[in-house]
1. Name the one entry in 315, 208, 228, 223 that is without any contact (Cβ under 8 Å) to a residue 40 or more places away in the chain and among the hydrophobic types (A, V, I, L, M, F, W, C).
2. Show the residue pairs meeting these rules: Cβ distance below 9 Å; 6+ apart or different chains; first residue within region 105-132 and in contact (Cβ under 8 Å) with a residue 60 or more places away in the chain; second residue of a type in the set (Lys, Arg) and part of a helix (DSSP H, G or I).
3. Residue check: is residue 323 touching a helix residue (DSSP H, G or I) at 6+ places or on another chain (Cβ under 8 Å), at pLDDT 95 or above and in a helix (DSSP H, G or I)?
4. When region 40-65 is examined, which residues are found to be of a type in the set (Gly, Ala, Ser) and more than 21 Å from residue 134 (Cα to Cα)?
5. Quick check on this structure: which one of 130, 126, 155 is surrounded by fewer than 22 Cβ atoms within 10 Å (Cβ to Cβ), in the same structural domain as residue 43 (by TED's automatic domain parsing) and closer than 25 Å to residue 248 by Cβ?
6. Name the residues in region 153-165 that are among the polar types (S, T, N, Q) and either modelled with pLDDT under 95 or outside any strand (DSSP E or B) (or both), would you?
7. All but one of (1) without any contact (Cβ under 8 Å) to a residue 12 or more places away in the chain; (2) buried (at least 21 other Cβ atoms within 10 Å of the Cβ); (3) among the hydrophobic types (A, V, I, L, M, F, W, C) hold for residue 96; which doesn't?
8. Check region 133-151 and report whether any residue there is hydrophobic (A, V, I, L, M, F, W, C), surrounded by fewer than 24 Cβ atoms within 10 Å (Cβ to Cβ), in contact (Cβ under 8 Å) with a residue 12 or more places away in the chain and within 25 Å of residue 310 (Cβ to Cβ).
Amino acid sequence: MTASPNPSPGLGVVIVSYNSSDVILECLDSLAAAGDSVSRIVVVDNQSSDQTVALIRAWANGTQDYPQPAESPLARYAAPTKPVPLVEIAPGELPAASARLTVIRSPVNRGFAGGVNLGLNELRRDPAIDLFWVLNPDCVVPPETPRAILTAGTDPDFALMGGRTIHYEQPESIQSDGGRVSRLTGRCHSLNAGARPGETAMPTADVLDFISGASMIASRRMLEEVGLMAEEYFLYYEEVDWARRRGPLPLRVAPEVVVYHRGGTAIGSGSISRRASPFANYFNYRNRQWFVRRFMPDRMPLTWGLGLMKALQLLLRGAPAEAWAIIAGTFGLGPPRAIRARVSDPATAGLAFSLPRPGPGKPPKS
């Protein structure tokens, strides 16, 4: 069934924070500078132990100014008007009043998808929201980007939409224009990574397998017909799984939707200037096995071989902890002690290190 175009869709943003005090205000400030293009912002705080929530509260009420950093890749923009109406709620709690900024304080770190789903459930209760923008807290947004999302989203017949993600630290370098999944190994790679933005055309949607989870926009149809993100991954491959389950709904590319992303600030993902941490390697390789087992189980031996090759490469480079994390993730050996120690809360550990739901294909809708 084809939906009618909506000339004035509403845009809501979901940001999942975890110890994001060093980056979250720059993200919020850039969103607020876009004016009324953004209808609502929901920050889901995943049990941060730093001052993330306190800083958000102070920023919203105007007692914490945020000067735009000198190294920001954004052009100078006008400081947003304060105060920004704010409500704080617990997961599942109905706010007493609607506000432009909502903070959901989760008592448990539910992982990326679990946090996103809390935010999506809050936003989709609002009938004025048609477009659901999942944005990392270490992203900053040019003022024109939200308006570009609204323009590209007037036709609601799509699953997920994305644009161009550029390295914050090196704005002359593309981080991702969307991604492809290897049909042999399940390995993901970002298109146009490292290319120069001004010299590189965006790919067409038909060559993409997924949209980068750092900045992706879901339609209301996606939520209603496909459901929410699969929470068992905890970190990595959630957006790849979500895109794979979209059925006939297409992906969409919007070249004017640009964000700048620092990348991996909380969990140690590999970036343009650093190697992925053991923590990131464990979840990345573990979840690749889960994704391949779910959607292309005949390729499992090839994913094992890829994991072995990468682990050997890291050993030869003098990185035994990173190598062992890959072996443990690839062969389902459970997390190494140092990785388990990073997740000290028992409830969070139960979510992070649980086994996936049985069966290939689509997990149940939520």
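1. Matching residue, one of 315, 208, 228, 223: 315.
2. Matching pairs, first to second residue: 124/220; 129/220; 130/220; 131/220; 132/124; 132/220.
3. Values: touching a helix residue (DSSP H, G or I) at 6+ places or on another chain (Cβ under 8 Å): yes; at pLDDT 95 or above: yes; in a helix (DSSP H, G or I): yes.
Spelling it out, residue 323 is indeed touching a helix residue (DSSP H, G or I) at 6+ places or on another chain (Cβ under 8 Å), at pLDDT 95 or above and in a helix (DSSP H, G or I).
4. The first filter runs over region 40-65 and keeps only residues of a type in the set (Gly, Ala, Ser), leaving 48-49, 54, 58, 60, 62.
49, 54, 58, 62, listed by residue number.
5. Matching residue, one of 130, 126, 155: 155.
6. Once the filter is applied, which keeps residues that are among the polar types (S, T, N, Q) and either modelled with pLDDT under 95 or outside any strand (DSSP E or B) (or both), region 153-165 yields only 154.
7. Among (1) without any contact (Cβ under 8 Å) to a residue 12 or more places away in the chain; (2) buried (at least 21 other Cβ atoms within 10 Å of the Cβ); (3) among the hydrophobic types (A, V, I, L, M, F, W, C), residue 96 violates only (2).
8. no
The values are calculated or read from the model by the stated rules, or taken from the named source; none is laboratory data. For clarity, every value in this text was computed on a predicted model and none was experimentally measured. Ideal geometry is used to build each Cβ from the backbone, glycine not excepted, and the neighbour counts take in all protein chains shown.
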